[in-house]
Amino acid sequence: MSLQALIFDVDGTLAETEEIHRKAFNQAFADAGLEWRWSRERYRELLAVSGGKERIRHHLLEADPAQADRSDLDEWIAGLHKAKTARYADMIAAGEIELRPGVERLIREARATGLRLAIATTTSTANIVALFDATLGREALDWFEVIGAAEQAPVKKPDPSVYHWVREQLGLHTSDCLAIEDTRNGVRAATGAGIPVLVTQSYYSEGEDFSGALAVLSDLGEPEHPCQVLAGIDDNPGWIDPQRLQRWLAATAQDKANKQPKEALSTD
């Protein structure tokens, strides 16, 4: 097992974008004359449903079922989500977001050490572009060899299809990749594709069950602002770099090998 590629989720992992998404949804609802307003508590519940259009439909069926009788329901939801995406892009462009601690550093260190970079997300390409425009710059998208978004894998996480697609495009074995996620659904998607995963817990995923992750951290950390270890390892590494990730993967592989049942001795 040799780490060759890092695969990043986007929302909640690269940046705490979910609060911006929530505000953008509420603005789109108001613009459409709807009385819906998603509180933080309601949005936390809705994040169990992957995908923006899917969240709209889920909420509609629970809170405003009369809307479900629309003959143009699919088109109406798609239009509402498109308006939300435009609002989101405007808010990101206005500077309402920044990358989480350690994200830019790790990306740059990974490039410097020859690690390949990829993205596996359920959000749209438009949202990815908006985030990069406001943070690393659009040219940084070229640092990512493969970008798997909602357009490439329409079945949302926890379904592992986006990770299968990204890994196939990379042409790597699952054990040569490491996913970085922030939610239980993300962990299930990555592990469902056989890819080891590290969690950096976000505001909206706090308290979720991250079983199956290599470790759960507060963030990726910086030398001047160490991360907190929430589960999975005994020591506090302070910050995450490619060398530490390589050692973790190697240790995980060895641990699995040690736990494999030994072949029974032949009695012939």
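The values are calculated or read from the model by the stated rules, or taken from the named source; none is laboratory data. Note that the coordinates shown come from a computational prediction; the quantities given were computed from them, not determined experimentally. With ideal geometry, Cβ positions are generated from the backbone for all residues, glycine too; neighbour counts draw on all protein chains shown.
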Exercise. Which of the residues that make up region 26-39 are touching a residue at least 24 places away in the same chain (Cβ under 8 Å), loosely packed, with under 15 Cβ neighbours inside 10 Å and assigned to a helix (DSSP H, G or I)?
Worked result: D31
For this session: Could you please find all residues in region 1-24 being of a type in the set (D, E) and either buried (at least 19 other Cβ atoms within 10 Å of the Cβ) or more than 14 Å from L47 (Cα to Cα) (or both)?
Result: D9, D11, E18
Exercise. Tally time: how many residues in region 189-214 are within 14 Å of the chain's Cα centre (by Cα) and either in contact (Cβ under 8 Å) with a residue 60 or more places away in the chain or farther than 15 Å from T13 by Cα (or both)?
Worked result: 10
Exercise. Within region 49-61, can one find any residue that is part of a loop (DSSP other than H, G, I, E, B), crowded, with 19+ Cβ neighbours inside 10 Å, at pLDDT below 95 and in contact with a Pro (Cβ under 8 Å, 6 or more places away or on another chain)?
Worked result: yes
Exercise. Does A94 qualify as being among the small types (G, A, S) and within 25 Å of R167 (Cβ to Cβ)?
Worked result: no
